[in-house]
Amino acid sequence: MPTFTETAKATKKKKEIKLVGIDMYIITDKGIPKFDDIGPFKCEFISNRGTKVWPGFVSPDLLQVNWYRCRFMATKDVQDADVNTFLDALTKKGWWWSAAQKLWNYDGEAGFSKAY
Amino acid sequence: MGKQHVVTMLPGEGTGPEICEAVRLVIDASGVDIKWEYEDIGLDCLEKYGTLLPDKTIQNIAKNKVALKGPTTTPIGTGHKSANVTLRKVFDLYANVRPAKLIPVLKRPWDKIDIINFRENTEDCYAAIEHMVSDEVAQCLKVITWPGSYRIADFAFKWAKANGRKKIFCVHKANIMKMTDGLFLDAFREVAKKYPDIESGDIIVDNCCMQLVRNPAQFDCLVLPNLYGDILTDLCAGLVGGLGFAPGANVGDGCAIFEAVHGSAPKYAGMKKVNPSAVLVSGIMMLRWLNEEAAAARIEKAMFAVLDERKHVTYDVGGTAKTDEYAQAIVDKMHAKA
């Protein structure tokens, strides 16, 4: 008789995983960062405390802290090695970052939330 | 009449428009001078504007800085962003103020409940930062910041002081989430030093839930991070009789939106059956925000009197009155007392 844990593990389904971008968590006191394209990655939006601050309207009342989530989406097919190159390039440009989160599609569906 | 106020009215959808008309009838009869500017929000906007919250509505609220909102519904399982959450984000409405006060006509097992909840409205697990970090693991970032925590505590203490409240407790789980809830609690304690006349303390969220259902009278004001606030504000509404009488306000530094927290009950739309009290008491909160205490008190007194008589109340409190008949009864009561 399998345990509940064994049964649960057995239900895992194989999914096709495709790298499509990177969420970069940038620390800066200089306001909303601006980026040129970095290799095959293009900045799509920037949020602060979960609220989109670029592109588009930003309330002057909005509280912003010094930690920005910057979503870079791939403009062509990319591999993990492209992320390493991207991180090196970003660091060389002087950006200080706390974390990077690879963004994957699972069976063609985004495995990451959109920004408000 | 005193100063004229310009207020954005957001009737919403479902039963929202008939509720808001009833509420407007009562507020307009209270002696306050309000110019209402109607704007669209909610499901009915999808076909017309392709969004639940049109830019025109945002611009009007930005101009007037105060709005009264009827109920709206967020479609489940579609890509549309919630109008409520978007409003909070766009206007940085960081303070969700949710009073829970016993209404005499609703028989409850407690003698006294008079709690004001101050829920942080923009951070925590609601920052919309979620990832499938592998094909079998999902994560949601809980984001707590010092300035976000400090300002909700400061807002709560200031509100408490202005309204003669005596005690504020910070609700948290800092014994487990030492960084995030710890930061929230640290900011609360720092703010508390500025208000020595108000008793302050803290309570772990699970204990707070138990204490609320055992002895709610011990609580005065609570300050909560977003997720605990989401849950405990509904718990408190349940203690006093449900969401049908629960007011709410979402307040930022530059704007305030007052709204009921219940759904739009689309199956009752057009039947004039539902109780408009939650939006009405939210309107009373709005009047107090606008420094129209006399009008607010007048409506409150008349509403309680109508509820107490039970002659013209809606089905949910044992009556047969329509939405607008209940509102008219409150208007008649105000005029009778005048």
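The values are calculated or read from the model by the stated rules, or taken from the named source; none is laboratory data. The model shown is predicted, which means the values in this text are computed figures rather than measured ones. Don't worry about glycine lacking a Cβ; one is built from the backbone with ideal geometry, like all the others, and counts go over all protein chains shown. Remember, those area values only see protein heavy atoms, side chains included, never the ligands or the DNA or RNA. Shrake-Rupley method; radii C 1.70, N 1.55, O 1.52, S 1.80 Å.
Would you list B:Met132, B:Met179 from the most to the least accessible area, probe 1.4 Å?
Sorted by accessible area, descending: B:Met179, B:Met132.
With a 1.4 Å probe and all protein chains left in place, how much of the accessible area of the protein assembly as shown comes from carbon and sulfur atoms, in whole percent?
Using a 1.4 Å probe with all protein chains present, the protein assembly as shown comes out at 54 percent carbon and sulfur.
Could you give the size of the charge dipole of the protein assembly as shown about its Cα centre, using +1 on the Cβ of each K and R and -1 on the Cβ of each D and E, expressed in debye and rounded to the nearest 20? Before the final figure, lay out the partial values.
Working: 59 positive and 56 negative charges, 111 e Å.
That gives the protein assembly as shown a dipole magnitude of about 540 debye.
Cα-Cα pairs above 27 Å in the protein assembly as shown: how many percent?
Tail of the P(r) past 27 Å holds 59 percent of the pairs.
For a quick check: with amide H placed at 1.01 Å from N, whose amide H comes under 5 Å from B:Val105's, ignoring anything fewer than 5 positions away on the same chain?
Amide H neighbours of B:Val105, under 5 Å, 5+ apart: none.
HN-Hα J couplings of region A:54-60 from phi, Karplus 6.51/-1.76/1.60, θ = phi - 60°, integer Hz, Gly and Pro as x?
Using θ = phi - 60°, the values come out as 7, x, x, 5, 10, 4, x Hz.
Under the rule of -39500 (n - 2.57) per DSSP H run of 4 or more residues, summed and divided by the residues of chain A, what mean residue ellipticity at 222 nm is obtained, to the nearest 500 deg cm²/dmol?
The per-residue figure over chain A is -5000 deg cm²/dmol.
Across the Cα atoms of chain B, what radius of gyration and what greatest pairwise Cα-Cα distance (Dmax) are found, in Å?
In order Rg, Dmax, the Cα atoms of chain B give 20.0, 67 Å.
Excluding ligands, DNA and RNA, what is the solvent-accessible area per residue of chain B at a probe of 1.4 Å, expressed in Å²?
Solvent-accessible surface per residue comes out at 42 Å².
How high is the relative contact order of chain B, in percent, counting Cα pairs under 8 Å that sit 6 or more residues apart?
23 percent
Can you pull the mean other chain C-beta count within 10 Å for peptide A:101-113? Please list the in-between numbers first.
Details: counts 5, 2, 2, 5, 1, 3, 1, 0, 1, 2, 7, 5, 8.
Partner-chain Cβ atoms within 10 Å, mean over residues of A:101-113: 3.
If you find the alpha carbon centre of region B:41-70 and of region B:1-40, how far apart are they in angstrom?
A separation of 15 Å, based on Cα centres.
Note down the accessible area of B:Ser134, probe 1.4 Å, to the nearest 10 Å².
40 Å²
For region B:4-47, take the alpha-carbon Rg, divide it by the Kirkwood Rh, and send me Rg/Rh.
Using only Cα positions, Rg/Rh for region B:4-47 is 1.03.
Give the accessible area for B:Met334 in Å² (nearest 10); use a 1.4 Å probe, count only protein heavy atoms, and leave out ligands, DNA and RNA.
Probe radius 1.4 Å; accessible area of B:Met334 about 10 Å².
What number of lysine-lysine pairs in region B:200-338 show an alpha-carbon separation below 20 angstrom, given a sequence spacing of 8 or more or placement on distinct chains?
The number of close lysine pairs in region B:200-338 is 12.
Please report the accessible area of B:Arg108 (heavy atoms, 1.4 Å probe, ligands and nucleic acids excluded) in Å², nearest 10.
Its heavy atoms expose roughly 90 Å² to the probe.
For peptide A:66-72, what's the mean number of Cβ atoms from other chains within 10 Å of each residue's Cβ?
The per-residue average across the peptide is 1.
Can you tell me the length gained on complete extension of the stretch B:Gln139 to B:Ala265, counting 0.36 nm per residue apart and subtracting the Cα distance?
Extending this stretch completely gives an extra 42.1 nm.
Rank by packing, highest mean first: peptides A:2-9, B:308-315, with packing defined as the count of other Cβ atoms within 10 Å averaged across residues.
The densest-packed peptide leads the list: B:308-315, A:2-9.
To the nearest 100 Å², how much accessible surface do chains B and A hide from each other in total, with a 1.4 Å probe? List each step's numbers first, then the result.
Working: alone 15480 and 8290 Å², together 21390 Å².
Buried: approximately 2400 Å² between A and B.
Run the dipole for region B:109-240 about the Cα centre, Lys and Arg Cβ at +1, Asp and Glu Cβ at -1, nothing else charged, and hand back the magnitude in debye, nearest 20.
Charge dipole of region B:109-240: 660 debye, to the nearest 20.
When Cβ neighbours within 10 Å are restricted to other protein chains, what is their mean count per residue of peptide A:41-51?
The shielding value for this peptide is 4.
With a probe of 1.4 Å, find how much accessible area region A:14-110 has per residue, and write the answer as a whole number in Å².
Working: 5330 Å² over 97 residues.
On a per-residue basis, region A:14-110 sits at 55 Å².
Using heavy-atom solvent-accessible surface (probe 1.4 Å) with all chains present, what is the largest-first order of B:Leu102, B:Leu185? If you can, show how the numbers build up before the last one.
Numbers: B:Leu102 35, B:Leu185 10 Å².
I get B:Leu102, B:Leu185, largest accessible area first.
Quick check: with the 1.4 Å probe, what order do B:Glu21, B:Glu300 take by accessible area, largest first?
The ordering from most to least exposed comes out as B:Glu21, B:Glu300.
Okay, helix-only estimate at 222 nm for chain B: each DSSP H run of n ≥ 4 adds -39500 (n - 2.57), divide by all residues, round to 500 deg cm²/dmol; what do you get?
One gets -12500 deg cm²/dmol as the mean residue ellipticity at 222 nm.
What whole number of Å gives the distance from the Cα centroid of region B:236-306 to the Cα centroid of region A:59-81?
Cα centres, region A:59-81 to region B:236-306: 39 Å.
Starting from the Cα gyration tensor of region B:109-240, take the square roots of the eigenvalues, sort them a ≥ b ≥ c, and report rounded, prolate or oblate (rounded when a/c is under 1.5, otherwise prolate if a/b is larger than b/c, else oblate).
Oblate, because a/c is 1.5 or more while a/b does not exceed b/c.
Taking 8 Å as the Cα distance limit and 6 or more residues as the minimum spacing, I'd like the relative contact order of region A:14-110 as a percentage. Before the final figure, lay out each step's value.
Values: 162 pairs, mean separation 48.0, N = 97.
50 percent.
To the nearest 10 degrees, how steep is helix B:323-337 against the longest Cα principal axis of chain B, on a 0 to 90 scale?
The helix B:323-337 is inclined about 80 degrees to chain B.
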